[in-house]
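The values are calculated or read from the model by the stated rules, or taken from the named source; none is laboratory data. What you are looking at is a predicted structure, and each value in this text was computed from that prediction instead of being measured. Here the Cβ positions follow ideal geometry from the backbone for every residue, glycine too, while neighbour counts run over all protein chains shown.
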Amino acid sequence: MRRTAPLILGAGPAGCAAAIALAREGAAPVLLDRDAEVRDCLCGGFLSWRTAEQLRALGVDPEALGAKPVQHLALFAGGREAVVPLPSPAWGLSRRKLDDALRRRALVLGATLEVDTAREIQGWTVVGQRRRWVGDGLFLASGKHDVRGQPRPRLASDPELGLRLRLPPTTARHELLSGRIELHLFSGGYAGIVLQEDGSANLCLAVRKSVLASGGWTPARLLTKLASARPALHERLGSDWQGNSIESIGAVPYGWIAETSQPGVFRLGDQAAVIPSLAGEGISIALASGEMAARHWLTGGPATAPAFQRDLARRAKAPMRAARLARAFAESPLGARAGVALAQRLPPVLHWLMDASRIHPDAPLAQAPAAP
């Protein structure tokens with residue numbers, strides 16, 4: 001009989017999915033997070049149709065949370081626009097709303113929440129600011145933020161950065177963005193915009209460090225520079241964004257996959273596979289990896305962590321390749337213009353790419369347990 005509950009570091013989508021799956025089987029996991037109250041996160045405001053299915057299976061319904069429906073993808077590059085219907089309806093929902101619902105679901109089922117800031121990981125032990133935390137295996141779900149002792153490689157010569165700006169609700173933005181997610185492509189990155197449940201618009205950018213440098217080393221100057229050359233982006237930004245804070249995270253290792261892990265340490269979500277965010281499927285992989293790790297732990301305990309990591313890596317490689325291909329085209333001016341033109345003429349090609357960058361529902365990775 002196991003003497004202690006499993007420890008989950010991070011109460012985001014990956015950690016909460018693991019907690020829900022474990023709690024359903026009576027494992028009483030401990031969720032360890034630095035925040036007692038859920039904060040809005042940098043990325044993840046767009047939920048694909050497959051992600052919505054996973055959430056419903058976990059007992060969380062995006063529509064019931066007020067998520068904005070998304071039926072179309074709009075691509076902008078080189079002065080051109082292509083609007084393509086999505087294969088199935090998707091949703092716009094803030095991470096604050098999503099993470100809060102997942103956390104509450106896990107706690108209702110029997111998980112426990114502890115609040116502490118992780119300083120270092122030593123084996124299965126998390127050294128926190130308050131105390132040391134030990135469980136029957138460690139589920140590492142700290143998102144894009146690394147913890148000392150379990151780093152991810154940072155090998156890119158021109159690393160990628162993530163930026164986020166919340167645009168306040170206005171009638172003009174609602175008319176422009178209702179029912180769609182937009183991707184504004186430029187050399188070295190892109191900007192994605194989607195409405196959230198409260199009517200605000202979530203603007204996320206993924207850019208190379210060199211692009212930020214060309215914009216004067218400040219996100220506000222970069223946005224001003226990008227918008228001045230792109231009328232559609234300028235129209236979405238409007239004139240009321242300048243005073244709003246822009247959140248950022250540096251050196252995101254997009255494309256990295258954890259091939260293995262030490263016994264007892266299950267790497268989840270962005271700590272396992274960092275899919276280029278252009279694909280919009282990071283939340284899906286986070287949810288699926290958490291549920292999959294829970295099934296491994298329930299079957300064989302902490303010793304199953306290396307087998308879980310190998311299986312996850314194997315299943316994530318094909319979608320990762322497709323997402324990297326899409327990102328490579330998007331970052332190139334010529335490739336972006338060609339992609340927009342192709343989307344205008346042959347929408348099924350874009351649908352194929354969307355499908356290829358996602359985990360198929362018949363794969364075990366994408367299966368979530370049924371809600372009780």
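Of all residues in segment 94-116 being among the acidic types (Asp, Glu) and in a helix (DSSP H, G or I), which is surrounded by the most Cβ atoms within 10 Å (Cβ to Cβ)? Full working, then the answer.
Within segment 94-116, the first condition is being among the acidic types (Asp, Glu), and the residues that meet it are 99-100, 114, 116.
Add one more test, that the residue is in a helix (DSSP H, G or I), and what stays is 99-100.
Details: 99: 22, 100: 18.
Checked segment 94-116; the qualifying residue surrounded by the most Cβ atoms within 10 Å (Cβ to Cβ) is 99.
Looking only at segment 157-190, which residues are part of a loop (DSSP other than H, G, I, E, B), in contact with a Gly (Cβ under 9 Å, 6 or more places away or on another chain) and at pLDDT below 90? Full working, then the answer.
Our first condition is that a residue be part of a loop (DSSP other than H, G, I, E, B); within segment 157-190, this holds for 157-159, 168-170, 178, 187-188.
After this cut, where a residue has to be in contact with a Gly (Cβ under 9 Å, 6 or more places away or on another chain) as well, the list is 158-159, 168-170.
Selection gives 158, 159.
Quick check on this structure: which one of 23, 17 is in contact with an Asp or Glu (Cβ under 9 Å, 6 or more places away or on another chain), surrounded by 20 or more Cβ atoms within 10 Å (Cβ to Cβ) and hydrophobic (A, V, I, L, M, F, W, C)? Talk me through it step by step, then tell me what you get.
Numbers: 23 fails: in contact with an Asp or Glu (Cβ under 9 Å, 6 or more places away or on another chain).
Answer to the selection: 17.
Residue-wise test of (1) assigned to a helix (DSSP H, G or I); (2) of a type outside the set (Ser, Thr, Tyr); (3) closer than 18 Å to residue 44 by Cβ.
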| position | (1), (2), (3) |
| --- | --- |
| 255 | no, yes, yes |
| 270 | yes, yes, yes |
| 284 | yes, no, yes |
| 298 | yes, yes, no |
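Pull out all pairs, ordered by first then second residue, where Cβ-Cβ is under 6 Å, the residues are six or more apart or on different chains, the first lies in segment 105-131 and is among the aliphatic types (A, V, I, L, M), and the second is surrounded by fewer than 16 Cβ atoms within 10 Å (Cβ to Cβ) and not in a strand (DSSP E or B).
From residues that are among the aliphatic types (A, V, I, L, M), the pairs are 115/36.
Quick test for you: out of 250, 243, 216, pick the one residue that is in contact with a Leu (Cβ under 6 Å, 6 or more places away or on another chain) and either over 30 Å from residue 135 (Cα atoms) or not in a loop (DSSP other than H, G, I, E, B) (or both).
Exactly one residue qualifies, and that residue is 250.
Kindly establish whether residue 318 is within 22 Å of residue 25 (Cα to Cα), of a type outside the set (S, T, N, Q) and either in a helix (DSSP H, G or I) or at pLDDT below 90 (or both).
For residue 318, the condition - within 22 Å of residue 25 (Cα to Cα), of a type outside the set (S, T, N, Q) and either in a helix (DSSP H, G or I) or at pLDDT below 90 (or both) - is not met.
Limited to segment 26-53, what total is found for residues that are in contact with a Pro (Cβ under 9 Å, 6 or more places away or on another chain) and not β-branched (Val, Ile, Thr)? Break it down stepwise before answering.
The initial filter retains those residues of segment 26-53 that are in contact with a Pro (Cβ under 9 Å, 6 or more places away or on another chain), namely 27-30, 44, 47, 49-53.
Checking which are not β-branched (Val, Ile, Thr) leaves us with 27-29, 44, 47, 49-50, 52-53.
The total comes to 9.
Out of segment 301-333, which residues are touching a Ser or Thr at 6+ places or on another chain (Cβ under 9 Å), within 13 Å of residue 262 (Cα to Cα) and polar (S, T, N, Q)?
The one that is touching a Ser or Thr at 6+ places or on another chain (Cβ under 9 Å), within 13 Å of residue 262 (Cα to Cα) and polar (S, T, N, Q): 309.
Tell me whether segment 32-48 contains one or more residues that are of a type in the set (A, V, I, L, M, F, W, C), under 18 Å from residue 137 (Cα atoms) and in contact with a Leu (Cβ under 8 Å, 6 or more places away or on another chain). Before the answer, list the steps.
Of segment 32-48, the ones of a type in the set (A, V, I, L, M, F, W, C) are 32, 36, 38, 41-43, 46-47.
Subset that is under 18 Å from residue 137 (Cα atoms): 32.
Retained after the next criterion (residues that are in contact with a Leu (Cβ under 8 Å, 6 or more places away or on another chain)): 32.
The answer is yes, given that some residue of segment 32-48 is of a type in the set (A, V, I, L, M, F, W, C), under 18 Å from residue 137 (Cα atoms) and in contact with a Leu (Cβ under 8 Å, 6 or more places away or on another chain).
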